[in-house]
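Presented below is the structure to which this report refers.
The values are calculated or read from the model by the stated rules, or taken from the named source; none is laboratory data. Since this is a predicted model, take the numbers as computed values, not measurements. Because the Cβ atoms are built from the backbone with ideal geometry, glycine has one as well, and the counts that use them run over all protein chains shown. For accessibility, only protein heavy atoms count, side chains too; no ligands or nucleic acids. Shrake-Rupley method; radii C 1.70, N 1.55, O 1.52, S 1.80 Å.
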Amino acid sequence: MILQALTDYYQTLVEREEIAKPGWGPVKVSFALSINEQGTLEQVLFLKSNQVKGKKLVLTPQIIELPAPVKRSSGIASNFLCDNSSYFLGADSKGKPKRSLACFSACKMLHETVLNGVNSPAAQSVLAFFRSWQPEQASAHPALAEYQEEIFAGANLIFSFNGRYVHEDPLVCHAWDTYYAAQDSGEKMVCLVTGDVGPVEMVHPPIKNVPGAQSSGAALVSFNAPAFCSYGKEQNLNAPTSKFASFAYTSALNHLLADREHVYHLGDSTVVCWAQNGDPSYHELAAFAAFSQSEFYSFQDIESVVKALCSGKPVEFDQSVLDPDMTFYILGISPNAARLSIRFFFFNSFGVFLENIQKHQERLKIVKPAYDTFDFIPFWKLLGETVNQNTRDKSPSPHLAGDVLRAVLTNTPYPATLLNHVSLRIRAEQRISPGRAAILKAYYLQNPNSEVPKEVLHVSLNPNSTNVPYNLGRLFSILEAIQSAANPHSNTTIKDRYFNAASSTPAIIFPTLLNLAQKHLKKLDTGLQTYYNKQLSQLMSQLSETFPARLNRPQQGSFQLGYYHQTQARYEKKEEK
């Protein structure tokens, strides 16, 4: 299903003229070898340009549409009209001259095969270059002197003739298309992607731009050891994919991964998404709803569009009419040794995805302090609440990221690991951030538990709740406020010493805290004493005479929400004053 969806997307992109046709693809190029009619190298053209990366300007190779490069591991295989100095010049800085000469011979043979008989001055000049070039004299050639170190280090090269790139010549392009289409050698089988009978692609093109994977690209489909094969089949004959399908799905996925503004990261997973019709407005809107905030639209503008789509109405957005019934795909991939693994793959109508995300965001709504400027909690921030932000590696658990996204997009119960990770962080830090409180609230709304009734799962403080753990959390917040009022310059509060014990064994801790509060109250003026005594009396009237001996995990969640709500109510009053 994944390969079929990507192949269909490739065909859509070809129709929209947004991607290269079969046999062509984007390649990073640093230099062009300018040659004359006799094939003599006259000069080297510098093709890099300054690109902004982060806060710096970095010299970056140009990305040019060229004949599709082959996948190389350790063998010798030449590319057409674009390759490194080992193949074009027969020289490099690797210290293996015999191999460099073998690479040059392979490259020469390929160009002789493709361009032989092509009645084009550009084609004939390339053939003349390979026939006259002397690899042994490459290091002394004056045209290479200025950029020799970088060229010999492995930068990609192309040819230029009479002020025009050779790969732009129509006759040369036709010659390559003819050659590429004729490469149908190999066993013919039924393609599992298209259903057509034809030669099987033994080695699929690489997938690039996946963090953590090999920089030269990694395989999504591969059989590189006997243990992965069966019935005597070798390599990709075990999962036959035609030449066109393998090129199509890899080109489509590389196209998605190259668009850095619409590639997202959850844990070790790289996430891409696309609509069946190829309209980028769909993933632009989905990106805002799920992953981040938009730089070009206000929250109110986006919210109105999302609500209309969730109700099943077509909406105009970014000069496109969005159909809520349009099929939408979300793919998460992660590096795994020499290949890529699929972390998750979801597809549904665009409107259903948005509706499920909206329900998730509604569950997360909670009162927040003034400094929290997020209109909603995106996935990256949500998962960030499950890890220690003081460590070097702040990546959330890979499995947790996929499980949470699956629960949100399918509107199913959240994984228990989400609650476990958040509870561990609260116990370790004795701190309930707005994000962690929101996760507790959303978790128990979606995963109902009798110990956490809906009366404690409000957006803000519920003063009428009769839930004992919730009111114990409120009581702890008030006792902390009393201590802070009595000792305003203290760097620590009772939360730092007693929060975990109070939320798990209240019968042991609260009598001590109440006695301590009476001593703190004596330090306050009459007005504050009256104010806090009134709050204590109201809460104590809602609690029984004896405190519970122990609170289980769900009850501790109620306690934590009660503490958070009461604390935020306290801060809100300070802000109003």
First check a/c for the chain, with a ≥ b ≥ c the square roots of the eigenvalues of its C-alpha gyration tensor; if it is under 1.5, answer rounded, and if not, answer prolate when a/b is larger than b/c or oblate otherwise. prolate
Given Lys28/Lys108; Lys307/Lys381; Lys55/Lys495; Lys71/Lys98, the pairs whose alpha carbons are separated by over 29 Å: Lys55/Lys495
Quick one: Karplus J couplings for the range 166-174, per residue in order, coefficients 6.51, -1.76, 1.60, θ = phi - 60°, nearest Hz, x for Gly and Pro? 5, 5, 8, 5, x, 5, 5, 4, 4
Length-normalised contact order of the chain in % [C-alpha pairs under 8 Å, at least 6 apart]: 10
Area of Asp92 that stays accessible when all protein chains are in place (1.4 Å probe, Å², to 10): 30
Per-residue ellipticity at 222 nm attributable to helices in the chain (runs of n ≥ 4 DSSP H, -39500 (n - 2.57) apiece, nearest 500 deg cm²/dmol) works out to -14000 deg cm²/dmol
Give a residue-ordered list of calculated ³J(HN,Hα) values for the range 132-139 (Karplus: 6.51 cos²θ - 1.76 cosθ + 1.60, θ = phi - 60°; whole Hz; x for Gly, Pro). 9, 5, 10, x, 5, 9, 4, 5
Hey, what's the range 308-407 come to in accessible area per residue, 1.4 Å probe, Å²? 47
Heavy atoms of Leu419: accessible area, 1.4 Å probe, square angstrom to 10: 10
Rough spin-label spacing in nm, given labels placed 7 Å along Cα→Cβ, for Gln430 and Gln124: 8.7
Relative to the first principal axis of the alpha-carbon coordinates of the chain, what is the inclination of helix 280-290, with its axis defined by its Cα atoms, in degrees from 0 to 90 and to the nearest 10? 30
Note the angle between two axes, namely the Cα long axis of helix 416-429 and the longest principal axis of the Cα atoms of the chain, as a number of degrees from 0 to 90, rounded to the nearest 10. 60
In what sequence, largest accessible area first, do Lys495, Lys441 appear using a 1.4 Å probe? Lys495, Lys441
Sequence-distant aspartates and glutamates (8 or more away, or on other chains) whose Cα lies within less than 14 Å of Lys365: Asp375
Once a ≥ b ≥ c are taken as the square roots of the eigenvalues of the Cα gyration tensor of the range 59-173, is the result rounded (a/c under 1.5), prolate (a/b larger than b/c) or oblate (a/b not larger than b/c)? rounded
Considering only His360, Leu424, Pro335, whose Cα is most displaced toward the positive end of the charge dipole of the range 298-436, charges sitting on Cβ of Lys, Arg (+1) and Asp, Glu (-1)? Leu424
The range 104-181, relative contact order [Cα under 8 Å, separation at least 6], %: 38
If you line up the long axis of helix 2-15 against the longest principal axis of the chain, both from Cα atoms, how many degrees apart are they, to the nearest 10? 60
So how strong a dipole does the chain carry about its Cα centre when Lys and Arg Cβ are +1 and Asp and Glu Cβ are -1, to the nearest 20 debye? 2840
For His489, His399, the accessible-area ranking with a 1.4 Å probe, largest leading, is His489, His399
What lysines sit close enough to Lys313 to cross-link, taking a C-alpha to C-alpha distance under 20 Å and skipping anything fewer than 8 places away on the same chain? Lys359
What accessible area per residue comes out for the range 1-107, rounded to a whole number of Å², with a 1.4 Å probe? 52
Given the options Val459, Gln566, Ser490, identify the residue whose Cα lies farthest towards the positive end of the charge dipole of the range 449-572 (+1 on Cβ of Lys, Arg; -1 on Cβ of Asp, Glu). Ser490
The range 150-287, relative contact order in percent, only Cα pairs under 8 angstrom and at least six apart counted: 17
Counting other Cβ atoms within 10 Å, which chymotrypsin sites (Phe, Trp or Tyr not before Pro) in the range 494-557 have at most 14 and lie in a DSSP loop? none
